[in-house]
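Written below as structure tokens is the structure these notes are about.
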Amino acid sequence: MLLLPLLLLGVILPGGDNANVFQGPTSFHLMQISTFVNNTCAQNQGSGWLDDLQIHGLESDSGTAIFLKPWSKGNFSDDEVTELQDLFRAYLIGFTCGMLDRVNEFQLEYPFVIQVTAGCEVHSGEAIGSSLRGALGGLDFVSIQNHSCVPAPDSGFRGQKFCALMTQNAVISYIERLLSETCPQYLLGVLDAGKAELQRQVKPEAWLSSGPTPGPGRLLLVCHVSGFYPKPVRVMWMRGEQEQPGTQQGDLMPNADWTWYLRVTLNVAAGEAAGLNCRVKHSSLGDQDIILYWGHPTSIGLILVAIIVPSLILLICLAFGVLRFMGSHRVRHD
């Protein structure tokens, strides 16, 4: 599967003519970002992703793939992986040199950035789609659709020239074979090898806080939800069973342990905050939603109570113990 970036090799190098239901990630795609600073300096970045989970990196100097999980190789043997690594390094060298040779032909100006993303999707053990898109400077450039290279509408002569080169070098069939055959085989192997981790269920933790004051007489209620996996989650500000309009959901952010964090806010008049609650629905919770009531001693408040009250009782007991000891000691001394 690491051969996917080789889809451009026949275009860049002159003369190159290259002929079970899973509850979790369902797509795999490779991303390549190549930055050409000048005619002697270029940097390549690469990564491989299961949906939103990164499982491959790239050591840019050597062009060596980095497997971020023990199961990132899928069902490939060590020999197959070694062969793919060697081919991938050859591709990066060829891609860089080929682009530098074609700068004038494509009328490019330094610095420029080329981005490629390619991958596939599966469902119930069957391939259901594949895609490839290329971009130049962050703007769509070309895509592979229905056995053809299609220039983006705004790509101008560059997109047309690029597709003409791809057709001339007969690489489209090779690309489609990688996307429609190799990619799904790899993806299914990875899903099987990593299913223990990918299918895990991690319950979220939730707490409430107030954000910066949005204005006179108003409150910004914040519901934090963190540490959950898989990614799909529903967080709502409610009054009774009625979801509140104006709820604002932030971006889902990854934690370092492959779980997720979400922040959901609600801007309300201070007098209307009482009776509101934050409800969290997640697959790990089953039908037992997390419900936190604004103003109730939950989350941080409850934790403080749980810590402070026992501590006070302990201090009182110690104080009585010390007083009794001193009193008995004084009596014996007298």
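Name the residues in region 277-305 that are at pLDDT below 50, open to solvent by less than 70 Å² (accessible area, probe 1.4 Å) and on the phi < 0 side of the Ramachandran plot, would you?
Of everything in region 277-305, those that are at pLDDT below 50, open to solvent by less than 70 Å² (accessible area, probe 1.4 Å) and on the phi < 0 side of the Ramachandran plot turn out to be T298, G301.
Condition first: in contact with a strand residue (DSSP E or B) (Cβ under 7 Å, 6 or more places away or on another chain), within 25 Å of S60 (Cβ to Cβ) and either open to solvent by less than 40 Å² (accessible area, probe 1.4 Å) or of a type in the set (A, V, I, L, M) (or both). Can you find one or more residues in region 78-85 that meet it?
yes
Mind checking whether some residue in region 46-58 is among the acidic types (D, E), within 17 Å of the chain's Cα centre (by Cα) and at pLDDT below 95?
Yes, region 46-58 has at least one match.
Here's a check for you: in region 150-175, which residue that is open to solvent by 60 Å² or more (accessible area, probe 1.4 Å) and in a helix (DSSP H, G or I) is nearest to S27 (Cα to Cα)?
S173
Sort out which residues of region 244-273 are open to solvent by 70 Å² or more (accessible area, probe 1.4 Å) and touching a Phe, Trp or Tyr at 6+ places or on another chain (Cβ under 7 Å), and write them in order of number.
M253, P254
Just to be sure I understand the filter: pairs with C-beta atoms under 9 Å, separated by 6 or more residues or on different chains, first member in region 120-140 and of a type in the set (D, E, K, R), second member in a loop (DSSP other than H, G, I, E, B). Which pairs pass?
E121/T26; R133/A152; D140/A152; D140/P153; D140/D154; D140/S155
What residue, of L208, L220, L188, L178, is open to solvent by less than 50 Å² (accessible area, probe 1.4 Å) and either under 19 Å from T26 (Cα atoms) or assigned to a helix (DSSP H, G or I) (or both)?
Answer to the selection: L178.
The values are calculated or read from the model by the stated rules, or taken from the named source; none is laboratory data. Remember, predicted model here, so these are calculated numbers, not experimental data. No Cβ is skipped: glycine too gets one built from the backbone with ideal geometry, and neighbour counts run over all protein chains shown. We work out accessible area using only protein heavy atoms, side chains counted, and drop any ligands, DNA or RNA first. Shrake-Rupley method; radii C 1.70, N 1.55, O 1.52, S 1.80 Å.
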